[in-house]
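The values are calculated or read from the model by the stated rules, or taken from the named source; none is laboratory data. What you see is a predicted model; the values in this text were computed from it and never measured. Every residue, glycine as well, gets a Cβ built from its backbone with ideal geometry; the counts of neighbours run over all protein chains shown.
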Amino acid sequence: MSLKRIDLLICFGSGCLSAGAQKIKDRFYEVLQAKGLSSEINIIETGCMGPCDYGPVMVIYPEGIFYKKVTPDDVEEIVNEHFLKGRPVKRLMIQDEEDKTFFTQKEIPFYQKQVKVALANCGFIDPESIEEYIATGGYEALGTVLTTMTPQQVIDVIKKSGLRGRGGGGFPTHLKWQMVHDNSSPEKYFICNGDEGDPGAFMDRSLLEGDPHRVLEGMMIAAYAIGAKNGYFYIRAEYPLAIKRIKMAIEQAKKAGLAGNNIFGSDFSFEAEVRTGAGAFVCGEETALIQSIEGQRGNPTPKPPYPAVQGLYKKPTVVNNVETLGNIPTILLKGADWFASMGTETSKGTKVFALTGDIKNTGLVEVPMGITLRELIFDVGGGIIGDHKFKAVQLGGPSGGCLTTQHLDVPVDYESLKERGAMMGSGGVIVMNDEKCMVNVAKFFMDFCVDESCGKCSPCRIGLKQMLEILKRIDSGYGKEGDIEELQRLGETISKLSLCGLGQTAPNPVLSTIRYFRDEYEAHIRDKSCANKVCPDLMHFEINKDKCIGCSLCSRKCPVQCISGSREEKYTINQLPCIKCGTCMDVCPVKAIAKIPGMHSDVKAQREAEELQQQNQEE
Amino acid sequence: MKTLADLKKIREKAQEEMKLRGGNTRIKVVVGMGTSGIAMGAREVMKTFLEEIANRNLTDVLVTQTGEKGLSSLEPVVDVIEEGKPKVTYGNMTPEKVKKVVIEHIVNGRIVSDYVVATGN
Ligand SMILES: Cc1cc2nc3c(=O)[nH]c(=O)nc-3n(C[C@H](O)[C@H](O)[C@H](O)COP(=O)(O)O)c2cc1C
Ligand code: SF4
Ligand code: SF4
Ligand code: FES
């Protein structure tokens, strides 16, 4: 029985760690030691609490007081004021625009519309303590399943719950399980997909780091249901903490008799192992992942045969995403009806999203399916940073699609998103403000997919490259009539003919931006103009002679010396050699230099002359 | 561990360790720890509460602190708050008095009226 009166939970998620959580913890140790308070206060490291942008964050119980952006210098004040005198430090709390202060974690608007199922313990327990997991009801579902249910009964519960895969495809979980359950093969495997290669995504990593036992318990229940004795966690090597935590969870569970032989006195025995991936996006694709675990190059293989029929070592295998597994224990504890009561007709339960981009509350959230994009971006995410407007949101990772203001009231569910050219994907949400150029955005994602294509099949290897070339041409001012149609034709063909999901979905960002921002493509091609001044060839810098005071600073700082003039004449940029570095604009003391949309007429004229010359030579 | 009953045992013990994070608490003890409270010995009072409660294995009691209570002549001041009952405020507390409050009020449910300075909200 402890003498503790305060639980100090410090977020040790990746975001807060990089913001300095370790230093805060060390400082607390020092100060508490110095003041003789160490025996009264528990310091607990947790997984991600969600609002990563405010890191390092912490929650202090019993009151549940939430502090943001804590620095080592704040620690002494927290101890003196809050721990000793019971006066929480207001200036470290979250405030809204109207200066309303939110004392406790529960009051913060960021958490209001969230419903935590998979993330229930993330940020609330010590992920390295099996006891804390058990205290929250952990392993109760496994015990109940093993001692009172048949595998078929487990599958029936999952079927009734309506759970669909959270790894991207949204495939009904019970169907895969049923297929492998029904297979009479004596050897079957279970794989947990923790590859998570989408740029900006950190849902699965956070869950593995913040509540590893939940994922392990989910895996064991699934393995029992399908009849597998061996399970693999496939986690990319860039996630060392996730790997460490899951390994630790496996060890702890074994020691406690919760993994290994005859778990809960039943006939069920289970061994779990961790396999690390080298971090190629395509290795998240299930057939490539299986190849990788087998020690081969991580190339996708044609489906059928599906892994459920012929998977790892040619045996029936179920591959499930980390978050999918994170839902399993709770569904069995609270019941299928409880789970199915959240969400829409076809998409049940909750979904974890990683909010990134030009949004105020970047971080990790879990919301009920069917929530609108508006609620997700503005209520939970807090809206757009600064004085900007919302322009678009990319859902579903690098091969998802872009949606726009007209879609803000679309419910977030598998079908609604797909109908509009985006997809649920694994939960990456990149929010973009009105300064973004959609042609440039599409090019960025295409560049990623070209890099990550494994090259096995030609539509993806050659076709995507072709699309990227056209995009590069458009954004450097060499776009021509018919390019948009060519992009669409290529995109549709590649989607149809590629072997795996990467190639099948990689054209999505281009196709969806053409669908919703066609005018931007047209302006790039016809008017040689990038309205948002993002594409360097389709904008230029200009000096306003009325404002220029002739100080010559820009001319001296210009790296290619393309600015000339005099105090009397004022200064002018020679547009042809200008490399659009923007230095002049930054150094001008009177802000006389501005970015102007559109290619400068001098450059246009020069390019036309070059083209003419080329034509003449050809003739 | 072989049965659900084994798991339950571990769970109960673990929940005990996590009770500060919102387990089931029957009684909350709130010690006034403003500057004057501390000057009058509020820290000793709080420490004694923590020790007594730990020694007696009282798993459903929570000790926390609050700022100035505006009763400076009566410091150290302690509220004992029990679910569904009026709040009881004790004043001029000392470690000796704390021991008595723990045994009488918290364990046996009998308010120590000699030390009470206010009741209700
Ligand atoms: C290119 C590509 C990358 C993928 N990356 C992941 C990933 O990182 N994590 C994941 O769980 N699923 C990923 N998937 C989906 C998997 O192939 C598979 O459908 C999923 O792991 C199944 O689990 P679920 O049914 O629980 O969603 C990817 C698919 C493709 C085509
Ligand atoms: S679609 Fe692309 S990534 Fe997938 S197998 Fe073909 S080449 Fe490889
Ligand atoms: S820095 Fe500004 S003010 Fe000075 S010469 Fe250049 S444009 Fe004119
Ligand atoms: S890492 Fe701390 S809130 Fe996400």
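Only one of B:Arg11, B:Arg21 is within 7 Å of chain A (Cβ to nearest Cβ), in contact with a Phe, Trp or Tyr (Cβ under 8 Å, 6 or more places away or on another chain), within 30 Å of A:Ala259 (Cα to Cα) and not hydroxyl-bearing (Ser, Thr, Tyr). Can you tell me which? Can you show your working first?
Working: B:Arg11 fails: in contact with a Phe, Trp or Tyr (Cβ under 8 Å, 6 or more places away or on another chain).
It is B:Arg21.
Any residue at all in region A:267-287 that is at pLDDT 95 or above, in a loop (DSSP other than H, G, I, E, B) and in contact with a Leu (Cβ under 6 Å, 6 or more places away or on another chain)? Yes; the residues of region A:267-287 include at least one that is at pLDDT 95 or above, in a loop (DSSP other than H, G, I, E, B) and in contact with a Leu (Cβ under 6 Å, 6 or more places away or on another chain).
Taking the condition in contact (Cβ under 8 Å) with a residue 12 or more places away in the chain, more than 14 Å from every other protein chain (Cβ to nearest Cβ), surrounded by 24 or more Cβ atoms within 10 Å (Cβ to Cβ) and among the β-branched types (Val, Ile, Thr), does A:Ile191 pass?
Yes: the conditions hold for A:Ile191.
Return a yes/no flag: does region B:42-51 have any residue that is away from chain A (no Cβ under 12 Å), of a type in the set (Phe, Trp, Tyr) and part of a helix (DSSP H, G or I). No; the residues of region B:42-51 include none that is away from chain A (no Cβ under 12 Å), of a type in the set (Phe, Trp, Tyr) and part of a helix (DSSP H, G or I).
Filtered by the rule that a residue be surrounded by 22 or more Cβ atoms within 10 Å (Cβ to Cβ) and of a type in the set (Gly, Ala, Ser), region A:344-391 gives A:Ser347, A:Gly349, A:Ala354, A:Gly363, A:Gly381.
Within the option set A:Gln105, A:Gln112, A:Gln95, being of a type outside the set (Phe, Trp, Tyr) and buried (at least 18 other Cβ atoms within 10 Å of the Cβ) holds for one residue only, A:Gln105.
For A:Val450, the test of being more than 16 Å from ligand 3 (Cβ to nearest atom) and crowded, with 23+ Cβ neighbours inside 10 Å is failed.
Checking A:Lys580, A:Lys595 one by one, the residue that is among the basic types (Lys, Arg) and in a loop (DSSP other than H, G, I, E, B) is A:Lys580 and no other. Regarding A:Leu511, is this residue more than 25 Å from A:Glu608 (Cα to Cα) and among the aliphatic types (A, V, I, L, M)? Here the answer is yes, as A:Leu511 does meet what is asked. What is the number of the single condition among (1) more than 8 Å from every other protein chain (Cβ to nearest Cβ); (2) outside any loop (DSSP other than H, G, I, E, B); (3) buried (at least 18 other Cβ atoms within 10 Å of the Cβ) that B:Val63 does not meet? Going through the list (1) more than 8 Å from every other protein chain (Cβ to nearest Cβ); (2) outside any loop (DSSP other than H, G, I, E, B); (3) buried (at least 18 other Cβ atoms within 10 Å of the Cβ), B:Val63 breaks only (1).
Confirm whether A:Lys176 is more than 14 Å from every other protein chain (Cβ to nearest Cβ), under 22 Å from A:Glu273 (Cα atoms), basic (Lys, Arg) and out of contact with any Leu (no Cβ under 8 Å at 6 or more places or on another chain). Give the steps one after another, and end with the answer.
Details: more than 14 Å from every other protein chain (Cβ to nearest Cβ): yes; under 22 Å from A:Glu273 (Cα atoms): yes; basic (Lys, Arg): yes; out of contact with any Leu (no Cβ under 8 Å at 6 or more places or on another chain): yes.
Spelling it out, A:Lys176 is indeed more than 14 Å from every other protein chain (Cβ to nearest Cβ), under 22 Å from A:Glu273 (Cα atoms), basic (Lys, Arg) and out of contact with any Leu (no Cβ under 8 Å at 6 or more places or on another chain).
Output yes when any residue across region A:428-447 is away from every other protein chain (no Cβ under 14 Å), within 16 Å of ligand 1 (Cβ to nearest atom), within 21 Å of A:Asp358 (Cβ to Cβ) and surrounded by fewer than 24 Cβ atoms within 10 Å (Cβ to Cβ), and no when none is. Yes, that holds for at least one residue. Only one of the listed residues (A:Ile525, A:Ile543) is in contact (Cβ under 8 Å) with a residue 40 or more places away in the chain and over 18 Å from A:Lys580 (Cβ atoms). That residue is A:Ile525. Considering (1) out of contact with any strand residue (DSSP E or B) (no Cβ under 7 Å at 6 or more places or on another chain); (2) at positive phi, the lone condition that A:Lys533 does not fulfil carries the number (1). The residues of region A:342-364 that are within 14 Å of A:Arg166 (Cα to Cα) and of a type in the set (A, V, I, L, M), listed by number, are A:Val352, A:Ala354.
Residue pairs whose Cβ atoms lie under 7 Å apart, sitting 6 or more positions apart in sequence or on different chains, and linking a residue in region A:494-516 that is within 14 Å of another protein chain (Cβ to nearest Cβ) to a partner that is within 15 Å of ligand 2 (Cβ to nearest atom) and not in a helix (DSSP H, G or I), do not occur here. State all residues of region A:85-125 that are among the small types (Gly, Ala, Ser) and under 18 Å from A:Met342 (Cβ atoms); if no residue qualifies, say none. Result: A:Ala118, A:Ala120.
Condition test on A:Ile158, is it over 28 Å from the mean Cα position of the chain (by Cα) and at pLDDT 95 or above? Before the answer, list the steps.
Working: over 28 Å from the mean Cα position of the chain (by Cα): no; at pLDDT 95 or above: yes.
Spelling it out, it is not the case that A:Ile158 is over 28 Å from the mean Cα position of the chain (by Cα) and at pLDDT 95 or above.
Being surrounded by fewer than 21 Cβ atoms within 10 Å (Cβ to Cβ), within 30 Å of A:Pro368 (Cα to Cα) and away from ligand 2 (no atom under 16 Å from the Cβ): is that true of A:Arg420 here? I'd like the intermediate steps shown before the answer.
Values: surrounded by fewer than 21 Cβ atoms within 10 Å (Cβ to Cβ): yes; within 30 Å of A:Pro368 (Cα to Cα): yes; away from ligand 2 (no atom under 16 Å from the Cβ): yes.
For A:Arg420, the condition - surrounded by fewer than 21 Cβ atoms within 10 Å (Cβ to Cβ), within 30 Å of A:Pro368 (Cα to Cα) and away from ligand 2 (no atom under 16 Å from the Cβ) - is met.
Listed here are the residues, each with its yes/no results for (1) within 30 Å of A:Met467 (Cα to Cα); (2) more than 16 Å from ligand 4 (Cβ to nearest atom); (3) among the polar types (S, T, N, Q).
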position: A:Ile514; (1), (2), (3): yes, yes, no
position: A:Phe517; (1), (2), (3): yes, yes, no
position: A:Glu520; (1), (2), (3): yes, yes, no
position: A:His524; (1), (2), (3): yes, yes, no
position: A:Lys533; (1), (2), (3): yes, yes, no
position: A:Asn544; (1), (2), (3): no, yes, yes
position: A:Ser564; (1), (2), (3): no, yes, yes
position: A:Arg567; (1), (2), (3): no, yes, no
position: A:Lys570; (1), (2), (3): no, yes, no
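Residues of region A:224-244 that are surrounded by fewer than 23 Cβ atoms within 10 Å (Cβ to Cβ) and in a helix (DSSP H, G or I): A:Pro240, A:Leu241, A:Ile243, A:Lys244.
Pick out the one residue from A:Tyr224, A:Tyr234, A:Tyr239 that is of a type in the set (Ser, Thr, Tyr) and at pLDDT below 95. Lay out the reasoning, then the answer.
Values: A:Tyr224 fails: at pLDDT below 95; A:Tyr234 fails: at pLDDT below 95.
One residue alone meets the criteria, A:Tyr239.
Only one residue in A:Arg420, A:Arg489 is farther than 20 Å from A:Phe353 by Cβ, away from chain B (no Cβ under 14 Å), more than 16 Å from ligand 4 (Cβ to nearest atom) and not acidic (Asp, Glu). Which one? Only one candidate qualifies: A:Arg489.
Please tell me if A:Leu119 is surrounded by 22 or more Cβ atoms within 10 Å (Cβ to Cβ) and assigned to a loop (DSSP other than H, G, I, E, B).
Working: surrounded by 22 or more Cβ atoms within 10 Å (Cβ to Cβ): yes; assigned to a loop (DSSP other than H, G, I, E, B): yes.
Yes, satisfied.
Return the pair list, or none, for Cβ contacts closer than 8 Å from residues in region B:52-66 that are without any contact (Cβ under 8 Å) to a residue 40 or more places away in the chain to residues that are assigned to a helix (DSSP H, G or I) and among the β-branched types (Val, Ile, Thr), at least 6 apart or on different chains. Going by the 8 Å Cβ cut-off, the qualifying pairs are B:Val63/B:Ile53.
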